[in-house]
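Asks: Here it is, the structure, as structure tokens.
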Amino acid sequence: MVALSAAVLLAGALAYASFTASTPAKSPSELLRVGGRRSYQLTGTVLPGSVRRRNGALNFRVRDRAGSSSVAVSYAGTVPDPFRDGREVIVTVRRRGAGFVGEPGSLITKCPSKFTARRDS
């Protein structure tokens, strides 16, 4: 009985910790308003023409999906094959100076869905 009670308490504590530890992804405009050096998940669109490689790092800007705010990101991890201008990305970042540094292995590229309505220009 004691072991079962301990197991239930441990499972409850683990579930609580896992739900409270997650942080929602933030847009560039939201990141510009927050301070501190903690890590955040940044989500947005890779600004066309901003992708550059320099000294082993991939430098690019991430823009709000529905706005004009953008932030600079320097990333030195594995880059997914579908990464390119205009794609939606999620990357875990920390503020460093005026920009953000991505944590290696955290860059995810969201591929456009073939089931969304097509926009013709």
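The values are calculated or read from the model by the stated rules, or taken from the named source; none is laboratory data. Everything numeric in this text was worked out from a predicted model, so none of it was measured. A quick note on method: Cβ atoms are made from the backbone with ideal geometry, for glycine too, and the neighbour counts reach across all protein chains shown. For accessibility, only protein heavy atoms count, side chains too; no ligands or nucleic acids. Shrake-Rupley method; radii C 1.70, N 1.55, O 1.52, S 1.80 Å.
Asks: All but one of (1) touching a strand residue (DSSP E or B) at 6+ places or on another chain (Cβ under 6 Å); (2) over 14 Å from SER27 (Cβ atoms); (3) not small (Gly, Ala, Ser) hold for PRO112, so report the exception by its number.
Replies: Among (1) touching a strand residue (DSSP E or B) at 6+ places or on another chain (Cβ under 6 Å); (2) over 14 Å from SER27 (Cβ atoms); (3) not small (Gly, Ala, Ser), PRO112 violates only (1).
Asks: Under 9 Å by Cβ, and 6 or more places apart or on different chains, what pairs join a residue from segment 22-42 that is touching a residue at least 12 places away in the same chain (Cβ under 8 Å) and of a type in the set (Val, Ile, Thr) with one that is exposed (fewer than 10 other Cβ atoms within 10 Å of the Cβ) and in a loop (DSSP other than H, G, I, E, B)?
Replies: Final answer for the pair search is THR23/ARG38.
Asks: Name the residues in segment 47-94 that are closer than 17 Å to ALA25 by Cα, open to solvent by less than 60 Å² (accessible area, probe 1.4 Å) and either assigned to a loop (DSSP other than H, G, I, E, B) or of a type in the set (D, E, K, R) (or both), would you? I'd like the intermediate steps shown before the answer.
Replies: Keep residues of segment 47-94 that are closer than 17 Å to ALA25 by Cα, which gives 61-67, 69-73, 87-94.
Next, only the ones that are open to solvent by less than 60 Å² (accessible area, probe 1.4 Å) stay: 62, 64, 67, 69-73, 87-93.
Residues satisfying the conditions are ASP64, GLY67, SER69, ARG87, GLU88.
Asks: Please work out if ARG37 is in a strand (DSSP E or B) and either at pLDDT below 70 or open to solvent by 80 Å² or more (accessible area, probe 1.4 Å) (or both).
Replies: On the way: in a strand (DSSP E or B): no; either at pLDDT below 70 or open to solvent by 80 Å² or more (accessible area, probe 1.4 Å) (or both): yes.
No: the conditions fail for ARG37.
Asks: Scanning segment 10-27 for residues that are modelled with pLDDT of 70 or more and open to solvent by 80 Å² or more (accessible area, probe 1.4 Å), which turns out farthest from GLU103 (Cα to Cα)?
Replies: Step by step, filter segment 10-27, then rank; the result is LEU10.
Asks: In addition: Identify the single condition in (1) in a loop (DSSP other than H, G, I, E, B); (2) open to solvent by 60 Å² or more (accessible area, probe 1.4 Å); (3) at pLDDT 80 or above that GLU30 does not satisfy, given that it satisfies every other one.
Replies: (1)
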